There are 4 protein chains.
Amino acid sequence: MSLDENTPDTDLEAHAREILSGQAFSQMLGVELVTIAHGRSELRMPITDSHKQHLGFTHGGAIASLADMALAFAGGPMMGGGAVTQEFKINYLRPGIGEAMIARGQVVGSGRSQAVVRADVMVLADGVEKLCATAQGTIMKPGA
Amino acid sequence: MSLDENTPDTDLEAHAREILSGQAFSQMLGVELVTIAHGRSELRMPITDSHKQHLGFTHGGAIASLADMALAFAGGPMMGGGAVTQEFKINYLRPGIGEAMIARGQVVGSGRSQAVVRADVMVLADGVEKLCATAQGTIMKPGA
Amino acid sequence: MSLDENTPDTDLEAHAREILSGQAFSQMLGVELVTIAHGRSELRMPITDSHKQHLGFTHGGAIASLADMALAFAGGPMMGGGAVTQEFKINYLRPGIGEAMIARGQVVGSGRSQAVVRADVMVLADGVEKLCATAQGTIMKPGA
Amino acid sequence: MSLDENTPDTDLEAHAREILSGQAFSQMLGVELVTIAHGRSELRMPITDSHKQHLGFTHGGAIASLADMALAFAGGPMMGGGAVTQEFKINYLRPGIGEAMIARGQVVGSGRSQAVVRADVMVLADGVEKLCATAQGTIMKPGA
């Protein structure tokens with residue numbers, strides 16, 4: 001499937017769900033696609049015992065993984081099929097303690113071969129969302 | 001257990017193994033501690049189908065998770081028990097295709113409450129290591 | 001002068017102007033404070049020949065310097081007098097060609113000893129602002 | 001002048017000196033090229049009153065600027081003439097107090113269109129070098 005700026009959001013979503021379900025790693029983490037649109041993504045990951053580190057908080061690696069996915073699903077479609085994360089940085093703000101993590105990606109700008117994307121990762125506890133981590137990175141066109 | 005610069009490397013290793021085995025997330029990823037010393041760490045993660053994304057490469061989130069662990073195990077002991085990753089950035093250089101990923105963390109400098117650490121993540125294929133990703137981040141003293 | 005969350009914005013602005021005018025480097029770059037409030041800052045830097053690299057664009061170092069100042073002026077007051085930039089990352093999106101650069105900093109979250117801040121750097125050309133670069137970093141409490 | 005991996009180091013150095021002397025911003029900061037080779041660079045910046053912030057330390061923006069130059073001069077030649085910094089991150093370790101700053105860039109890996117580079121920025125005081133800041137970033141082929 002070829003993606004570009006004219007791809008309808010419904011096709012985009014079908015394509016994204018297909019990619020996500022084809023990622024064994026994302027499946028192992030229980031990540032689900034909530035919404036996707038051109039330049040935006042929302043993903044959800046449950047917090048189970050398997051996501052935790054030794055102190056009982058969500059492991060920073062699991063949080064970074066979810067952030068990476070939100071960056072890629074927000075910026076990827078703008079860069080065409082096969083786009084990959086080139087780099088990202090993440091800042092942690094509070095321990096991930098709760099029922100689930102929700103990551104929202106948003107393209108802030110893009111050029112011919114790169115999309116610069118930000119993603120906020122919220123922790124959901126007792127129905128209240130709080131900012132747990134925030135990331136910024138680059139999604140690169142394949143072959144660039 | 002309280003850690004400081006005088007902790008013998010053997011105690012450091014026992015402590016690190018205890019932490020790692022207490023992290024369900026690291027266990028799910030199959031991460032093993034190869035070596036640890038003051039300011040240095042080496043961790044290994046097998047590449048199984050569960051670590052992969054839809055194209056058959058190791059998922060960037062799994063690579064970032066391993067990098068995060070190498071940063072924390074290198075810088076954590078210098079910051080005392082309970083130290084956490086405050087932030088990091090990672091650049092991806094080549095697809096993670098092979099049998100295993102090996103991450104080596106190295107403290108490059110430290111102050112009262114932070115250690116700045118770098119980690120190279122190698123992919124091991126047919127017995128040859130190649131640089132797959134490289135990370136730089138901050139490990140923060142607890143309560144700082 | 002001691003700063004905290006109850007400091008009126010007018011005092012905050014007076015304090016910020018005093019700091020900026022005491023920074024020879026910021027003065028050399030011609031940086032001016034446009035506005036400041038708790039958790040937010042706006043700074044402006046003219047683009048003169050002195051800001052340029054060999055191709056005639058604003059040097060990436062000048063852009064990074066302005067971003068660093070926007071991060072520090074947004075997050076600094078929340079961390080108290082003497083707060084410093086601990087780390088930041090910047091992504092460049094388009095060449096800085098125009099009359100001036102405008103940087104807007106915004107705290108996205110803060111804890112006891114750190115504020116995580118983002119800053120967008122716009123280039124102003126013919127009266128139109130376009131996103132030139134975007135940064136994310138940490139402002140640290142002094143002595144932390 | 002066209003650069004590639006076969007360019008002799010002497011030509012590389014002549015080319016780099018020409019670029020640096022054509023950068024008004026670098027000249028304003030007094031930056032000098034110490035050495036350059038394929039994948040490596042060393043630059044020096046004097047610390048004068050003009051480089052300082054309000055507390056008398058070298059401004060973080062000046063340090064980031066020097067780091068940016070070291071990254072670009074290390075990675076640029078590998079990416080061909082006209083290569084630009086796409087992104088970088090910097091961690092600050094100690095105040096820049098002394099006579100000069102010395103930045104050393106080193107390519108850690110490269111692909112078709114990007115070189116990933118690290119740069120250590122040392123502060124030189126009373127003849128002794130200490131690590132002041134460390135950076136990691138991407139130099140991108142022009143037009144990529």
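No lab work stands behind these numbers, since they all come straight from the coordinates. These numbers were taken from a predicted model, which means no experiment stands behind them. All Cβ positions, even for glycine, are placed from backbone atoms using ideal geometry, and neighbour counts span all protein chains on display.
Annotation note: GluC sites (Glu not before Pro) in region D:86-130 located in DSSP loop regions with a Cβ neighbour count of at most 12 within 10 Å are D:Glu99. Would you please classify the overall shape of region A:9-140 from the alpha carbon gyration tensor, given that a ≥ b ≥ c denote the square roots of the eigenvalues, rounded means a/c under 1.5, and beyond that prolate means a/b larger than b/c while oblate covers the rest? Verdict is prolate for region A:9-140. Pairs from the list A:Lys89/C:Lys52; B:Lys89/B:Lys141; C:Lys52/C:Lys141 with a Cα-Cα gap above 30 Å: C:Lys52/C:Lys141. Chain D versus the axis that turns it onto chain C: the residue with the nearest Cβ and the distance in whole Å amount to D:Lys89, 2. Across the identical copies, the label point of A:Pro46 (7 Å from Cα in the Cβ direction) is separated from its matches by 2.6, 6.2, 6.6 nm, in order from shortest.
State whether region B:1-85 is rounded, prolate or oblate according to the following rule on the C-alpha gyration tensor (a ≥ b ≥ c being the square roots of its eigenvalues): a/c under 1.5 gives rounded; otherwise a/b larger than b/c gives prolate, and the remaining case gives oblate.
Prolate.
With Cα atoms defining each centre, region B:68-83 and region C:45-77 are spaced 34 Å apart in the structure. Label the protein assembly as shown by shape, choosing from rounded, prolate and oblate, from the square roots a ≥ b ≥ c of the eigenvalues of the Cα gyration tensor; if a/c is under 1.5 it is rounded, and otherwise prolate applies when a/b is larger than b/c, oblate when it is not. Rounded, because the longest to shortest axis ratio a/c is under 1.5. In straight-distance terms, cross-link reach from D:Lys130 covers every one of the aspartates and glutamates whose alpha-carbon lies under 14 Å from its own, apart from those fewer than eight places away in the same chain; here that gives D:Glu99, D:Asp120.
Here each label is just a point 7 Å from Cα along the line to Cβ, and for C:Ala125 and B:Gln106 those points are 4.1 nm apart. Each stretch of four or more DSSP H residues adds -39500 (n - 2.57); spread over every residue of the protein assembly as shown, this sum gives -8500 deg cm²/dmol at 222 nm. Less than 5 angstrom separates the built amide H of B:Gly111 from those of B:Val116, all sequence-distant by 5 or more or on a different chain. Ranking B:Ala24, B:Ala72, B:Asn91 by Cα position along the charge dipole of region B:9-140, where only Lys, Arg, Asp and Glu carry charges on their C-beta atoms, puts B:Asn91 farthest toward the positive end.
Counting from the shortest, the label point at D:Pro95, 7 Å from Cα toward Cβ, is 3.5, 4.0, 5.1 nm from the same position in each remaining copy.
For region B:1-56, GluC sites (Glu not before Pro) meeting the loop criterion (DSSP other than H, G, I, E, B) and having at most 13 other Cβ atoms within 10 Å: B:Glu5.
Here A:Glu32 yields copy-to-copy label distances, from shortest upward, of 3.6, 5.3, 6.4 nm, the label point defined as 7 Å from Cα along Cα to C-beta.
Shielding value for C:130-142 is 4, the average number of Cβ atoms from other chains within 10 Å of each residue's Cβ. The label point for A:Arg44 and the one for D:Ser50, both projected 7 Å from the Cα toward the Cβ, are 5.8 nm apart.
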